[in-house]
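Undergrad: This structure is in structure tokens; I'll ask about it shortly.
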Amino acid sequence: MDTTRYIARHVVDLPRSGIRDFFEIVSKMQDVISLGIGEPDFDTPWHIREAAIYALEKGKTHYTSNLGLIELRRSIHRYLERHFGISYRPEDEILVTVGVSEALDIAFRALVNPGDKVMFHQPCYVSYHPSITLTHGKAVPVPTFAKDNFALTAEALEKAWEPGCKLLVLNLPCNPTGGTCTRAQLEAIAKFAIEKDLLVLSDEIYAELTFDGEHVSIASLPGMKDRTIFLHGFSKAFAMTGWRIGYACGPAALVEAMMKVHQYSMMCASIISQEAAIEALERGSDGMKAMRDQYHRRRDFIVRRLNEIGLKCHVPRGSFYAFPSVEVTGMNEKDFAVGLLKAERVAMVPGSAFGANGAGFCRACFATSYEHLIEAANRIERYVSKLKA
Amino acid sequence: MNPVLKLLLESGGLSTAEMAQVLNLSEAEVNRHLDQLRKDGVLLGWRPVLNIPEEDGAVRAVIEVRLTPERGGGFNRLAERISRFDEVESCYLMSGGYDLLVFVSGSSLQKVAAFVSEKLSTLEGVLSTATHFLLRTYKEQGFLMDTRAEDNERLKVSP
Ligand SMILES: Cc1ncc(COP(=O)(O)O)c(C=O)c1O
């Protein structure tokens with residue numbers, strides 16, 4: 001029986017993630033040094049894990065409020081006031097979600113009518129485009145460029161804009177480019193959003209992992225709080241990817257709309273993860289800073305080595321990704337990534353997995369040990385010099 | 001903090017060549033930093049941290065020692081003297097119910113006991129000792145003994 005005919009058309013048409021294709025090749029190989037992992041190499045700090053164990057022992061095994069534990073929402077409120085300079089009411093402006101992933105999903109589902117246009121900068125996180133497609137919206141990618149260190153510019157936005165655009169998704173610092181915007185650049189984006197009457201979905205999951213200068217949230221700029229949904233989580237900064245916990249903040253009416261979708265699909269995030277998240281926010285900052293300092297030094301090392309090797313690479317101001325160009329090799333990014341993998345067993349993700357204009361680049365995650373980074377760099381060097389010879 | 005020292009604390013297993021790569025220094029410069037740290041008395045030495053089966057490992061004990069303080073020097077002279085014994089791994093001055101906490105090791109229980117009764121407690125100025133033998137190690141200088149639990153499989157590629 002042909003069961004595929006039961007599949008909804010828009011899902012049939014959904015392309016498979018380029019990451020998935022690459023993963024299938026990598027997973028069949030042995031002794032690979034992977035720079036292809038989009039998560040911290042650190043396990044969650046022990047005090048956070050211990051808080052979860054304690055919660056279980058205390059019988060915290062039940063559903064929570066749809067919005068999430070009020071104690072967690074209060075912690076989020078304090079944390080965002082202190083570190084981001086934005087104030088959201090715990091009672092009705094904060095929604096705890098199953099990772100930023102769910103926050104993105106319910107935001108699109110709550111906001112996008114069929115045919116609505118959603119702008120987002122590209123190369124970008126793999127789920128934006130398909131999420132927009134799944135809600136029958138129309139994706140409007142806006143390119144970012146190596147010459148700007150992959151910052152999003154208002155000029156690029158102007159150029160890509162078309163009538164009917166309703167949302168703008170931002171991800172700064174950006175996966176996969178590590179690009180961020182300065183305050184001035186962000187102000188220009190805010191001006192554009194106000195002019196075009198766009199609602200901004202700001203995915204700031206890498207905010208804490210900003211190495212040079214300040215992280216500015218667009219929600220903190222004048223006039224922007226009312227037109228921004230702020231998305232954040234614990235996966236990256238607190239090394240909590242497996243806990244599946246994040247949150248969305250915004251104007252009460254929009255949080256209420258997202259909550260409607262959330263309550264019927266997810267009910268609430270795991271209570272154990274919520275308890276752990278409180279611990280992370282209240283007592284996790286030293287551990288977080290120690291991890292950030294390590295990423296910072298690893299970044300300096302890998303970016304320097306990639307440039308020495310000839311794979312031109314800007315210094316990513318945030319995130320744990322370097323995004324080198326493979327232009328010198330004369331190969332496209334896919335052939336380069338597969339060739340490197342087969343010849344030297346180093347995995348980097350081809351940039352085109354993050355959108356068409358990631359072509360010519362690869363993503364190298366530096367959230368891995370010095371030993372691996374040193375060895376990976378040496379292997380890449382060997383491979384590239386063979387190509388040049 | 002000295003960048004070499006920082007890196008040592010962060011990932012102690014790197015060779016000087018690897019440290020040079022990470023810090024963008026020459027290997028000679030890394031060695032110069034290490035020499036300086038030694039000269040300054042900051043870097044005292046290197047030791048592997050081992051997980052040896054109990055029956056093969058040394059017998060270890062902690063000893064609480066009470067001392068008579070001396071005019072002028074307090075506990076220092078005696079503490080330094082005790083520290084010089086090869087059997088003594090570590091020696092700390094403590095607040096509270098006793099004065100020194102001394103970690104000792106020996107190849108057998110008898111040898112450790114003999115050290116305490118013959119060498120330590122007979123020293124002029126040592127008022128009393130209380131010896132506790134270590135039965136089992138769960139964590140040593142930052143390393144967990146049971147490493148199995150930490151062997152987590154991660155995906156090789158993820159978004
Ligand atoms: C930009 C971006 N947004 C969202 C996510 C998903 O995060 P979470 O684990 O909170 O669902 C990731 C994870 O890779 C990401 O890179």
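Undergrad: Identify all residues within region A:198-232 that are assigned to a loop (DSSP other than H, G, I, E, B) and either within 16 Å of the ligand (Cβ to nearest atom) or hydroxyl-bearing (Ser, Thr, Tyr) (or both); write none if there are none.
TA: Correct list: A:Glu204, A:Ile205, A:Tyr206, A:Ala207, A:Glu208, A:Leu209, A:His215, A:Ser217.
Undergrad: Pairs under 9 Å by beta carbon, first residue assigned to a loop (DSSP other than H, G, I, E, B) in region A:45-60, partner of a type in the set (Phe, Trp, Tyr), six or more apart or different chains?
TA: Close Cβ pairs (under 9 Å, with a partner that is of a type in the set (Phe, Trp, Tyr)) amount to A:Pro45/A:Phe238; A:Lys60/A:Tyr54.
Undergrad: B:Arg71 is checked against (1) modelled with pLDDT under 85; (2) over 30 Å from B:Gly96 (Cβ atoms) and fails just one. What number does that condition carry?
TA: Of (1) modelled with pLDDT under 85; (2) over 30 Å from B:Gly96 (Cβ atoms), only one is false for B:Arg71: (2).
Undergrad: Out of region A:190-217, which residues are among the aliphatic types (A, V, I, L, M) and more than 16 Å from A:Arg317 (Cβ to Cβ)?
TA: Within region A:190-217, the subset among the aliphatic types (A, V, I, L, M) is A:190, A:193-194, A:198-201, A:205, A:207, A:209, A:216.
Selection gives A:Ala190, A:Ala193, A:Ile194, A:Leu198, A:Leu199, A:Val200, A:Leu201.
Undergrad: Given (1) farther than 19 Å from A:Lys236 by Cβ; (2) open to solvent by 10 Å² or more (accessible area, probe 1.4 Å); (3) in the same structural domain as A:Ile33 (by TED's automatic domain parsing), where does A:His296 come up short, assuming only one miss?
TA: (1)
Undergrad: Mind listing whichever residues of region A:100-121 are more than 16 Å from the ligand (Cβ to nearest atom) and in contact with a Ser or Thr (Cβ under 7 Å, 6 or more places away or on another chain)?
TA: A:Val112
Undergrad: While we're on this one: Show the residue pairs meeting these rules: Cβ distance below 6 Å; 6+ apart or different chains; first residue within region A:88-99 and among the acidic types (Asp, Glu); second residue within 15 Å of the ligand (Cβ to nearest atom).
TA: That search, which allows pairs on different chains as well, returns A:Glu93/A:Cys249.
Undergrad: Here's something else I'd like to know. Only one residue in B:Met145, B:Met94 is open to solvent by 40 Å² or more (accessible area, probe 1.4 Å), more than 16 Å from the ligand (Cβ to nearest atom) and of a type in the set (A, V, I, L, M, F, W, C). Which one?
TA: B:Met94
Undergrad: Hey, another quick one. Run down A:Gly351, A:Gly358, A:Gly284, A:Gly339 and say which single residue is of a type in the set (Gly, Ala, Ser) and touching an Asp or Glu at 6+ places or on another chain (Cβ under 6 Å).
TA: A:Gly351
Undergrad: Still on this structure, I have one more. Looking only at residues that are among the β-branched types (Val, Ile, Thr) and within 10 Å of the ligand (Cβ to nearest atom) in region A:235-266, which one is least open to solvent (accessible area, probe 1.4 Å)?
TA: In this case the residue turns out to be A:Ile245.
Undergrad: Please go through region A:125-140 and give me each residue that is in contact (Cβ under 8 Å) with a residue 40 or more places away in the chain and either touching an Asp or Glu at 6+ places or on another chain (Cβ under 9 Å) or more than 15 Å from the ligand (Cβ to nearest atom) (or both), ordered by number.
TA: Hits for region A:125-140 are A:Tyr125, A:Tyr128, A:Thr133, A:Leu134, A:His136.
Undergrad: Can you tell me which condition A:Ile302 does not meet? The list is (1) in contact (Cβ under 8 Å) with a residue 12 or more places away in the chain; (2) more than 11 Å from every other protein chain (Cβ to nearest Cβ), and all the others hold.
TA: Only one criterion in (1) in contact (Cβ under 8 Å) with a residue 12 or more places away in the chain; (2) more than 11 Å from every other protein chain (Cβ to nearest Cβ) is unmet by A:Ile302, namely (2).
Undergrad: Could you tell me how many of the residues in region A:273-324 are touching a helix residue (DSSP H, G or I) at 6+ places or on another chain (Cβ under 7 Å), closer than 30 Å to A:Tyr63 by Cβ and within 16 Å of the ligand (Cβ to nearest atom)?
TA: Residues in region A:273-324 being touching a helix residue (DSSP H, G or I) at 6+ places or on another chain (Cβ under 7 Å), closer than 30 Å to A:Tyr63 by Cβ and within 16 Å of the ligand (Cβ to nearest atom): 7 in total.
Yes/no per residue for (1) at pLDDT 90 or above; (2) over 28 Å from B:Glu10 (Cα atoms); (3) surrounded by 11 or more Cβ atoms within 10 Å (Cβ to Cβ):
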site: B:Trp46; (1), (2), (3): no, no, no
site: B:Phe75; (1), (2), (3): yes, yes, yes
site: B:Val88; (1), (2), (3): yes, no, yes
site: B:Ser121; (1), (2), (3): yes, yes, yes
site: B:Gly125; (1), (2), (3): yes, yes, yes
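Undergrad: Pairs, please: C-beta under 7 Å, at least 6 apart or cross-chain, first residue on the phi > 0 side of the Ramachandran plot and in region A:233-255, second open to solvent by less than 10 Å² (accessible area, probe 1.4 Å) and within 7 Å of the ligand (Cβ to nearest atom)?
TA: If the second residue must be open to solvent by less than 10 Å² (accessible area, probe 1.4 Å) and within 7 Å of the ligand (Cβ to nearest atom), the pairs left are A:Arg244/A:Gly99.
Undergrad: Do you know which of the residues in region A:106-135 that are among the hydroxyl-bearing types (Ser, Thr, Tyr) and open to solvent by less than 40 Å² (accessible area, probe 1.4 Å) is farthest from the other protein chains (Cβ to nearest Cβ)?
TA: A:Thr135
Undergrad: If I ask for residues that are under 12 Å from B:His33 (Cα atoms) and open to solvent by 40 Å² or more (accessible area, probe 1.4 Å), which ones from region B:6-15 would you list?
TA: If the condition is that a residue be under 12 Å from B:His33 (Cα atoms) and open to solvent by 40 Å² or more (accessible area, probe 1.4 Å), then B:Lys6 is the only one that fits.
Undergrad: Across region A:314-327, what is the number of residues that are in a loop (DSSP other than H, G, I, E, B) and open to solvent by 10 Å² or more (accessible area, probe 1.4 Å)?
TA: Step one: list which residues in region A:314-327 are in a loop (DSSP other than H, G, I, E, B), which gives A:314-317, A:319-320, A:323-324, A:326.
Checking the rest, the ones that are also open to solvent by 10 Å² or more (accessible area, probe 1.4 Å) come to A:314-315, A:317.
Total meeting the criteria: 3.
Undergrad: Right, A:Ser325: away from chain B (no Cβ under 12 Å), of a type in the set (S, T, N, Q) and touching a Lys or Arg at 6+ places or on another chain (Cβ under 6 Å) or not?
TA: Details: away from chain B (no Cβ under 12 Å): yes; of a type in the set (S, T, N, Q): yes; touching a Lys or Arg at 6+ places or on another chain (Cβ under 6 Å): yes.
Answer is yes for this residue.
Undergrad: Among the residues of region A:328-353, write down those that are open to solvent by 10 Å² or more (accessible area, probe 1.4 Å), more than 13 Å from chain B (Cβ to nearest Cβ) and in a helix (DSSP H, G or I).
TA: If the condition is that a residue be open to solvent by 10 Å² or more (accessible area, probe 1.4 Å), more than 13 Å from chain B (Cβ to nearest Cβ) and in a helix (DSSP H, G or I), then A:Val328, A:Thr329, A:Glu333, A:Lys334, A:Asp335, A:Gly339, A:Lys342, A:Ala343, A:Glu344, A:Ser352 are the ones that fit.
Undergrad: Only residues in region B:12-38 that are polar (S, T, N, Q) count as the first member; pair them with residues that are assigned to a helix (DSSP H, G or I) and crowded, with 18+ Cβ neighbours inside 10 Å, Cβ under 7 angstrom, at least 6 apart or cross-chain, and list the lot.
TA: B:Thr16/B:Val30; B:Gln21/A:Ile374; B:Ser26/B:Ala20
Undergrad: Right, next: Would you confirm whether or not region A:10-30 contains a residue that is open to solvent by less than 30 Å² (accessible area, probe 1.4 Å), within 14 Å of another protein chain (Cβ to nearest Cβ) and in a loop (DSSP other than H, G, I, E, B)?
TA: yes
The values are calculated or read from the model by the stated rules, or taken from the named source; none is laboratory data. Quantities reported herein were computed from a predicted structural model and do not represent experimental measurements. For neighbour counting, all protein chains shown are included, and Cβ atoms are generated from backbone atoms with ideal geometry for every residue, glycine included. To get the accessible areas, we keep the full protein, side chains included, count just its heavy atoms, and leave off ligands, DNA and RNA. Shrake-Rupley method; radii C 1.70, N 1.55, O 1.52, S 1.80 Å.
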